[in-house]
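Engineer: I have a structure I would like to understand better, so I am pasting it below and will then ask my questions one at a time.
FYI, it's all coordinate maths here, none of it is from the lab. Since the model is a prediction, treat every value here as computed from it, not as a measurement. Please note: Cβ atoms are built from the backbone with ideal geometry, for glycine as well, and neighbour counts cover all protein chains shown.
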Amino acid sequence: MGCDMKVVSDANMFFIKTVLNHLGIRNYFSEIATNLSYIDEEGRLRIFPHRDFVKSPHGCSNPCPPNMCKGGVIKRILSEEGNKRIVYLGDGAGDYCSSLKLRECEPVLPRKKFPVWDLICDKPSLIKAKIHEWNDGVEFEQVLVSTIQDVISKGEYKTSLNSSDCKFKIMYSHETLPKVLPMSF
């Protein structure tokens with residue numbers, strides 16, 4: 001696709017990999033930062049927190065869940081990636097902390113009428129990133145493609161990427177996932 005894609009989620013590894021594998025896009029993502037999980041011998045999903053919040057709380061004062069500070073993950077990615085740009089999208093309250101960590105050169109794509117949007121609207125001056133809101137999947141696709149084109153046109157992206165490289169498959173809620181999917185961890 002021409003860009004490094006990562007998932008930062010408070011869901012769990014089993015769920016995320018199941019969805020990405022079902023859509024045939026798992027190999028496009030270089031990292032999944034989420035809660036670890038596995039299916040035990042009795043067929044139950046076991047989920048472990050991304051961070052042991054009992055032994056070592058992350059100490060964030062933003063509305064992050066106790067087991068994961070997405071802002072901390074974004075801070076780590078920014079320090080490891082140097083001058084690469086992040087295009088961050090989210091809808092939950094936990095995405096607010098990440099939005100606060102982004103630089104002026106980076107866009108944040110919050111979903112309107114969702115917790116992250118409300119938090120950003122309460123104190124928009126705290127956000128350094130460029131805000132590009134969206135309502136639904138169709139608008140999200142338009143905003144994301146436009147945002148990527150904007151980043152490319154300003155020479156802020158190191159790779160040649162055409163808008164035709166950014167295609168999205170929309171999965172509608174009436175489509176069902178297969179009952180069993182082989183999982184490799």
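Engineer: Which of the peptides 100-109, 15-24 is most tightly packed, and how do the rest follow, judged by the mean count of other Cβ atoms within 10 Å per residue?
Structural biologist: With the highest mean Cβ count within 10 Å placed first, the list reads 100-109, 15-24.
Engineer: ³J(HN,Hα) across region 12-18 via Karplus (A = 6.51, B = -1.76, C = 1.60, θ = phi - 60°), whole Hz, x for Gly/Pro?
Structural biologist: 8, 4, 4, 4, 5, 5, 4
Engineer: Kindly work out what percent of the DSSP beta bridges joining two residues of region 1-101 are antiparallel, to the nearest 5. Intermediate values should be presented prior to the final figure.
Structural biologist: Details: 4 of 9 bridges.
Counting only bridges with both partners in region 1-101, antiparallel ones make up about 45 percent.
Engineer: On average, how much area does the Cα convex hull of region 1-141 cover when viewed from any direction, in nm²?
Structural biologist: 10.0 nm²
Engineer: Using alpha-carbon positions, what is the distance between the centroids of region 103-128 and region 1-50, in Å?
Structural biologist: A separation of 25 Å, based on Cα centres.
Engineer: Only sites in a loop by DSSP and with at most 16 other Cβ atoms within 10 Å count here; which chymotrypsin sites (Phe, Trp or Tyr not before Pro) in region 44-99 make the cut? Don't skip to the answer; put the middle values down first.
Structural biologist: Numbers: sites: F53, Y88, Y96; in loops: F53.
Taking region 44-99 and a limit of 16 other Cβ atoms within 10 Å, the loop chymotrypsin sites (Phe, Trp or Tyr not before Pro) found are F53.
Engineer: Separate question: Between A11 and S30, what is the label-to-label distance in nm when each label sits 7 Å out along the Cα-to-Cβ direction?
Structural biologist: With each label point 7 Å from Cα toward Cβ, the separation is 2.2 nm.
Engineer: Another question, then. So which GluC sites (Glu not before Pro) in region 1-90 are both in a DSSP loop and have at most 16 other Cβ atoms within 10 Å of their Cβ?
Structural biologist: Numbers: sites: E31, E41, E42, E80, E81; in loops: E41, E42.
Within region 1-90, the qualifying GluC sites (Glu not before Pro) (loop, at most 16 other Cβ atoms within 10 Å) are E41, E42.
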